[in-house]
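Rule-based calculations on the coordinates, nothing more; no lab input. It should be emphasised that the depicted structure is a prediction, and the values quoted were computed from it without experimental measurement. In this analysis, Cβ positions are derived from the backbone assuming ideal geometry, glycine residues included, and neighbour counts consider all displayed protein chains.
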Amino acid sequence: MAQGERVNFKNPVICWIDERLPLFSMMHKEYAAFPTPKNFNYLWNFGALSLFMLVTMIVTGVFLAMYYTPSTDHAFNSVERIMRDVNWGWLIRYIHMNGASMFFIVVYVHIFRGMYYGSYKYPRELLWILGVIILLLMMATAFMGYVLPWGQMSFWGATVITNLFSAIPLVGNKIVTWLWGGFSVDNPTLNRFYALHYLLPFVIFGVSFLHVAALHISGSNNPLGIDVKSPKDTVPFHPYYTAKDCFGLTIFLIFFAVIIFFLPNYLGDPDNYIPANPMVTPTHIVPEWYFLPFYAILRSFTIDIHIPFTHVVLISSKLGGVILMFGAVLLMFFLPWLDRSPVRSAVFRPLYRKFFWIFVATSITLGWVGSRPPEGLPVIIGQIATAYYFVHFLIILPMLPKYEKTLPLPNSISEAVLKGR
Amino acid sequence: MAHPPSSTSDQTCGHCQQGDEENDSSRRDFLTLAAGAMAGVGTIVTAYPLIQSMNPAADVLAMATTEVDLSAVKEGQSLTVVWRGKPVFIRNRTQAEIDEARAVPMNDLKDPQTDQARVANSKFGGKDLPEWLVMVGVCTHLGCVPLGQKPTDPHGEFDGWFCPCHGSQYDSSGRIRKGPAPKNLEIPPYQFTDATHIKIG
């Protein structure tokens, strides 16, 4: 960075600082003058929206932490006190609670956008991988955050998810005891989840910094999925995309505000307003909506696999489900190598475009299955959808380039833009 | 930064020419390996107490036994007590339930175990007390508490317990019969301290 070109700032204070630590020059280079493809659509707002949500969650979370008590005796009541007695506590908590859902909405759109336009392909593979790491960290953070109010769903969600690790052969139970710090989900568990829930967002912030740094090396992908070839293909980030991001943010904030002020508990589970009771399991344990597709995959594995002709169970249905669920997320790391088509954007890949939408429909179906009790038709549908999820990644994507006739790519972004594409 | 790159390489070359090259590089390899090994050991030694600190603390371990008075539990009734933060199901089984559990062929069981083996600890003064079934009331699938302790609860198809979370069904001996759970309900360590009292843990 020291070798980077410095900008001449008129303000003498800024100039003095910049000469010694060229932060302002760096900001100018990366966020003002940064050449950005000129054909972004509104789906390219969602990266900035994710960053906005991360900051929102950290800020509201810090203020909630000033009143929250991480103890099984006081956690539930301290949250209720925030809701009733703490000045503006209801607002800060509703922002934080629904903010988790908003964060996942924008990140899921961001991920599907990357899939549709092939943003994970060369030279952006590492950028994609960093994104998947952020998703995993978000899942861990959201899960532990949901435990903190110590309601019935908090407790039983924590019990079910930590018990997943008991499926690991031989050391499973020891790992679970270690995770709990006891023999069940209890006070030590709550305390460590709180510590980690406070820590992980800052880790996410660090990985996001790397994610953006990698983005600024390769430059952004764009809806056409073709490389920037000349300065005519780009516009400076500021004011063009700062303005576009602000507009998108405004629309998003209206949506967010409607949820916070009119439907604050719509996305949550009413059972979480019942204090945790280790002796009574709720009749129907469901995770928050953003985990439902993965929960459906977990429950789709219903048979034990035996060593042939014996009663020795090789993979129990429990272990199988756990492997499938983690596999479903880990598979995303390999996406850049599973899809070998040289054409990035689905705009020019007629077959991939169809399969992309089938994949989206599959994900939504899995979400619906995850919200149903595990009996009857949803089980069968969940098994078919789970199978298709893996077929999409492991068979369809690698095979597609062999059969697909892609459409001709435009010569440049600016040519396509001038033709009105 | 003080030396231009060429002078650094000159220095290295001059140094190598003076000494025995093979001997010197092997000595350097040894130093690198030794330092690396020490760093590795140091990392493990540092990480161990941190990781170990997350295991159950002494006071948590100290509260690991529970004593229960069974005198109020009549035949066909159940009692749920807390042991290590988990529910323990204690059932005074009817003769019909015991007979039903003992009539099941081993081939029908996912986790084969006789009913006799499951109540092996239920004895006092040389007398077997097979009516007393003592189990950890935690589904072996994902840790929910199965229903079946109250007469009005669902008991599943096998006159035992039914887990509402993912539909696992346990029989009147607490053995897994149907659903995703891999194992029978766990039998905790327990013993009868007299005819009507047990100590769990």
_Label-zone membership for the range A:366-400, site residue A:334, 7 angstrom Cα→C-beta point, backbone N under 20 Å_ = A:385-400
*asked:* Cut-off under 13 Å on the C-alpha distance; same-chain residues fewer than 8 positions from residue A:10 excluded. Which aspartates and glutamates are left, in chain and number order?
replied: A:18, A:19
*Could you please report the charge total around residue A:170, scoring K, R as +1 and D, E as -1 over all other residues with beta-carbon less than 15 angstrom from its beta-carbon?*
+3
*Please work out how much length the chain gains when fully extended from residue B:194 to residue B:28, using 0.36 nm per residue of separation minus the C-alpha to C-alpha distance, in nm with one decimal.*
52.6 nm
*asked:* Restricting to DSSP H runs of at least four residues, report the calculated mean residue ellipticity at 222 nm for chain B, -39500 (n - 2.57) per run over all residues, nearest 500 deg cm²/dmol.
replied: -10000 deg cm²/dmol
*Give a residue-ordered list of calculated ³J(HN,Hα) values for the range A:385-394 (Karplus: 6.51 cos²θ - 1.76 cosθ + 1.60, θ = phi - 60°; whole Hz; x for Gly, Pro).*
5, 5, 4, 5, 3, 6, 4, 4, 6, 8
*Which FRET efficiency value, to the nearest 0.05, do you get for residue B:153 and residue A:257 by plugging their Cβ-Cβ distance into 1/(1 + (r/R0)^6) with R0 = 51 Å?*
0.70
_If I stretch the segment between residue A:108 and residue A:371 completely, what's the gain in nm (0.36 nm per residue apart, minus their alpha carbon distance), one decimal?_
92.9 nm
*How far apart, in nm, are the 7 Å Cα→Cβ label points at residue B:127 and residue A:65?*
6.1 nm
_Suppose a student asked you for the relative contact order of chain A, using Cα pairs under 8 Å spaced at least 6 residues apart; what percent would you report?_
21 percent
_Residue list for the range B:152-174, given a label point 7 angstrom along the Cα-to-Cβ vector of residue B:108 and an amide N cut-off under 14 Å_ = B:157-160, B:170-174
*Reachable lysines, given that their alpha-carbon falls under 29 Å from the alpha-carbon of residue A:405 and they are not under 8 places away in the same chain*: A:38, A:121, A:229, A:354, A:419
_Ranking of A:10, A:229 by count of other Cβ atoms within 10 Å, fewest first_ = A:10, A:229
*Degrees, to the nearest 10: A:75-84 long Cα axis against longest axis of chain A*: 60 degrees
*Semi-axes of the equivalent ellipsoid of the protein assembly as shown: what are they in whole Å, largest first, if each equals the square root of 5 times a C-alpha gyration tensor eigenvalue?*
53, 32, 28
_Using a 10 Å cut-off around each Cβ of peptide A:188-196, what is the average number of partner chain Cβ atoms that fall inside?_
1
*Can you work out the FRET efficiency for the pair residue A:403 and residue B:66, with r the C-beta to C-beta distance and R0 = 56 Å, to the nearest 0.05?*
0.30
*Ratio of Rg to Rh over the range B:81-201 (Cα coordinates, Kirkwood Rh, two decimals)*: 0.94
*Round to the nearest 0.05 the FRET efficiency obtained for residue B:77 and residue A:74 when R0 = 41 Å and r is the Cβ-Cβ distance.*
0.70
*Which residue, A:259, A:17, A:168, has the most motion in a Gaussian network model of chain A that connects Cα atoms within less than 10 Å?*
A:17
*What's the longest bit of chain A with no exposed GluC sites (Glu not before Pro), using DSSP loop states and at most 13 other Cβ atoms within 10 Å as the test?*
A:6-374
*If we count other beta carbons within 10 Å of each Cβ, what is the order of A:333, A:104, fewest first?*
A:333, A:104
*asked:* I need the phi-derived Karplus couplings for the range B:122-130: 6.51 cos²θ - 1.76 cosθ + 1.60, θ = phi - 60°, integer Hz, Gly and Pro marked x.
replied: 7, 7, 8, x, x, 10, 6, 10, x
_Principal-axis tilt of helix A:317-330 within chain A, Cα atoms, nearest 10 degrees_ = 10 degrees
*Modelled label-to-label distance, residue A:199 and residue A:84, 7 Å Cα→beta-carbon offset: nm?*
3.5 nm
*asked:* What distance in nm separates the two pseudo spin-label positions at residue B:186 and residue A:191, each 7 Å out from Cα along the beta-carbon direction?
replied: 2.2 nm
